[in-house]
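Just so it is clear, none of the values below were taken in a lab; they were calculated from the coordinates. This is a predicted model, so every value here is computed, not measured. All Cβ positions, even for glycine, are placed from backbone atoms using ideal geometry, and neighbour counts span all protein chains on display.
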Amino acid sequence: MTNILNTLALKPAGEHREFGMVFDPIIDGIPYLETLTAFEARFENGPAGAYRATLGVADIMLRLDRPKSRVIPYSCPCEEWECWWLSCDIEIHGDFVCWRRWWNGQRNDREQKADGLYWDYRELPPLNFAKGPYLAALAEARKLIEADERMMRLLTYETKRRGAVHG
């Protein structure tokens, strides 16, 4: 029988110049980037899996436990987030959390499908988590951020700069 609920771990993955400390989502014990790379290999004209982890301080502290939010778990290794990124919606319903509607903003023009420049993520299965273990993984990542004074200053700056929480 296939397990319908996924497990989440958030592995520290260095720092990003804009997002501060970043975390790589580990899904069911496997870095999710491996899953994305295999999924994107079906598409033409693109660097399948050419991302780095970018779930940053504000995501961990402000967005991942909101009832509805959109985050960018991965972006281009060049650190210009506008360059190449992948986002998803996060929704919390009762005791469950779902990550779905994956979207690459650079490959979203359906009119370019004939040229291989439209990547359809609808076949990428959603990630479904039990809320309790999900929040426990989030709490572990938050402890790392809270222990770092620089990251807490970055969070304060980001909150003021962006007018509190957005998503």
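Worth pointing out:
- Projected label distance in nm at ARG101 and GLU80, using a 7 Å step from Cα toward the beta-carbon: 2.8 nm
- Residue order, fewest to most beta carbons within 10 Å, for CYS98, CYS88, CYS78: CYS78, CYS98, CYS88
- Taking the fewest neighbouring Cβ atoms within 10 Å as the starting point, the ordered list for SER69, SER75 is SER69, SER75.
- Under 13 Å, Cβ to Cβ, from LYS131 - net charge with Lys/Arg +1 and Asp/Glu -1: -2
- Ordered by the count of other Cβ atoms within 10 Å of each Cβ, fewest first, LYS143, LYS131 give LYS143, LYS131.
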